[in-house]
Amino acid sequence: MKNSLSSRLIYRIMAVVMAMMAIITGVVYVTVREYMLDEAKQRYESVLLDYHEELRRHLADIYIAAQNNVHDIEHDIDHPERMTEHMVRILKKNPTIACCALLFEPGYYPDQGKLFVPCARRDAHDSVRVLRIDSTYRKYYLEEWYLTPMTKDSDVWIDPYFESPWFAGNEEPRLLTTYTIPIHNHEGRPVALLGADIALEWLRNEMMEDVEKVNKKFEYQLSHKSYSFVLDRNGRYIVHPDKNRMLKDSLGIASTLTGERGATKAVIDGVESWLYYRSVKNMEWIIVIAVPKEVILSNGRMLNVIILTVMAVGLMIIYLFCRHQIKEIADPFAAQHAAVERELNIAHNIQMSMLPSPLTSHRSPIKLYATLTPAKDVGGDLYDYIVRDNRLYFCIGDVSGKGVPAALLMAVVQTMFHNETQHATRASDIMMALNALVCAEQNTTGFFVTMFVGILDLTTGHLDYCNAGHEVPEVTSKNGTEKSEKLPAVPNLPVGVLHDWIFEGQEAQLCRGDMLFLYTDGLSEAENPDKQLFGRKRVEDLVQQYSNSTPQLLIDNMMQAVRQHADTAEQNDDITMLALRFETEDERLEVPAQMDEMDHITDFVIGAARQAGMSERETKRLRLAVEEVAANIVNYSGASSIAITTVSDDGLLVLTIQDDGRPFDPTTAETADLSIPADERPPGGIGLVLLRQMTNSQEYQRQGSHNILTIRKNIE
């Protein structure tokens, strides 16, 4: 009988394995195709990122050079004879700049004639020559590119254009874009426009050079190859391999290339292609790499054959191995044990699936994080939370005993808690209902439950709670100057001990920044190999130590400390922790570390600066500094999230930027040496220049697994 059962089991497994092989063979092509799309996306997005960072670095050079010379020009505003000297000096100190000019309002210097436009230009041999282009720009003061920055009294980037043949002289006219910023007289009125030009030919050359390397490595045998170009906000080609199309032709589907970055399919010049793109913020430009469809699929054809062969061989080996193992272990007791293990795994998965989903709102007035680590496959701990009618209902509990019976009671209690939150307004009412349910179950379980139930008003911070014999929660203020305190608890019995017990509720007021930490006794009673307990005192000390941190950082460090204490000792009880901080919407922002979230960060910083009364000029400088910090975190740190808090204090706006990426101290890191020509100095470091120039002070500390950067900037 036993051999007959084993044979049938083997034949069934053979049928399953063969079916798996057939299914895998059918879907492998689709899988490989998706893999090739992902591989191509990573490859070309990496190239895009290099273009993007290099372009931002060059544009930042122009921006910084112009900003740094405004003061000197305005200081000499009464000396027209010195204006040309300033233009020459700017060009000589900044190799990135192709031309620099000052365009004064008509008649500002009567002795210089109606128009006065001192200018210096760098030629193809890197020589600087002085020009007076007054007659060439006779009516520049009527042009929109002049009137807009002068009227708004703000800096503006001018759309790309080809310089005039007269201006280029014997050289081929260059494709330029210009950064303009108003110059003021001593009364603060804008009287001239400083323009600094950057030639875009370097970008075209560099893009063609990099794409040619990719062509040779991945596309050398194909009729169509990938290429790159840059579009302006109207979809015109700013940079293109074919010079004749620049500023003349446009991409018809440019309006569909939305967002910080992305990919889309399109037919370009009759070729079906994938377009990978990345926008250049504040410039309204889009960098695009067009990759013909055949480039992506051709690389996958050979890989398809290899993967299918490996899969077929691998599945055959798995089948033979399983067939051998089944013959060895085909024993009724072994089968029964395997069935129990499977059922326990299923029970564990079901129990974990009952836990609530994370609170995902980035603008929520609370930050909450919780974990449950069972000692066995299934356990008797529980936690839950739900937001209803602008209230947070939450609980944590510990069922006496372990194993499947405790897990079943845990599931019943958690379900009852959810039901009660639909109509209960007091924590004591919820506890009374849970007690009636558990007492009714006493005939079959004989268990009781220690519990803490709370109802937090998310508008006022008012906390209504009831503690039924559970570990007393810790409360600490955000500033961390005061010792953490116990949340007062009346002597209620655990749930399920006495059916007619009247549970007494209590109230408390959480202030902005207060942290509430709840846990089960599996934390404080965790043992090391010498049977020494982790202890409540150590819990209190860690809560106090991480009072300024996020709930997740507090719990992660608490769990790490418990594991270090336990060492090789087996976990003897379930460990459950829940931490929440009561915040206010307007002073904290937490977002994923993604470039798509940059607009949220920008809006948050601008809103905080304006609320503090900061001028628009200084707000822009602060925004640019924070953008650079956030971009570096996203692109280089490997962080999963970024959190920003703001505080106005004694004429200062204080921003704290926290991330969980690799350690990096921007206050001591080496910045870019702006005296070295842009094409000779190594990439990076421009963001650190902006950070240090546009804020008053910066402080850094590494706390646990988080970088914490504090920025201070004068409000006035």
Open item on the list: Quick check: from the Cα gyration tensor, does region 353-469 come out rounded (a/c under 1.5), prolate or oblate?
Closed with: oblate
Task: For region 58-188: rounded, prolate or oblate by the Cα gyration tensor [a/c cutoff 1.5] - done: rounded
Task: Carbon plus sulfur fraction of accessible area for region 485-635, probe 1.4 Å, in percent - done: 45 percent
Task: Charge dipole (region 468-576, unit charges on Cβ, about Cα centre) - positive-most of A489, A561, F534 - done: A561
Open item on the list: Longer than 28 Å from Cα to Cα, which of K139/K620; K216/K243; K216/K265 are they? Say none if no pair is.
Closed with: K139/K620
Open item on the list: Residue by residue through region 452-461, what is 3J(HN,Hα) from phi via Karplus (6.51 cos²θ - 1.76 cosθ + 1.60, θ = phi - 60°)? Round to whole Hz and write x for glycine and proline.
Closed with: 10, 10, x, 10, 9, 6, 6, 8, 9, x
TODO: Grab the other residues whose beta carbon is less than 15 angstrom from that of D76, score K and R as +1, D and E as -1, and report the net.
DONE: -3
Open item on the list: On a full-extension model of 0.36 nm per residue, what is the gain between D123 and H184, subtracting their alpha-carbon distance, rounded to one decimal in nm?
Closed with: 19.0 nm
TODO: For every other residue with a beta carbon closer than 12 angstrom to the beta carbon of S226, add +1 if it is Lys or Arg and -1 if Asp or Glu, then tell me the sum.
DONE: +2
TODO: Pop out the carbon and sulfur fraction of the accessible area of region 111-255 as a percent, whole number, probe 1.4 Å.
DONE: 49 percent
TODO: Please sort by residue number the trypsin sites (Lys or Arg not before Pro) in region 227-304 whose DSSP state is loop and whose Cβ has at most 11 other Cβ atoms within 10 Å.
DONE: K248
Task: Under-5 Å amide H pairs with G262, H placed in peptide plane, nonlocal only - done: Y277
- [ ] May I ask for the net charge around H470, where only other residues with Cβ less than 10 Å from the Cβ of H470 are counted and Lys, Arg are +1 while Asp, Glu are -1?
- [x] -3
TODO: Can you tell me which of 112-123, 534-545, 193-204, 415-426 comes out highest on packing, and rank the rest after it, using the mean Cβ neighbours within 10 Å?
DONE: 193-204, 112-123, 534-545, 415-426
TODO: Using a 1.4 Å probe and counting only protein heavy atoms, arrange E587, E471 so the residue with the most accessible area comes first.
DONE: E587, E471
Open item on the list: Keeping every protein chain present and rolling a 1.4 Å probe, give me the accessible area per residue for region 73-176 in Å².
Closed with: 53 Å²
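The values are calculated or read from the model by the stated rules, or taken from the named source; none is laboratory data. Here the structure is a predicted model, which is why all the values come from computation and not from measurement. No Cβ is skipped: glycine too gets one built from the backbone with ideal geometry, and neighbour counts run over all protein chains shown. Heavy atoms of the whole protein, side chains included, go into the accessibility calculation; ligands, DNA and RNA do not. Shrake-Rupley method; radii C 1.70, N 1.55, O 1.52, S 1.80 Å.
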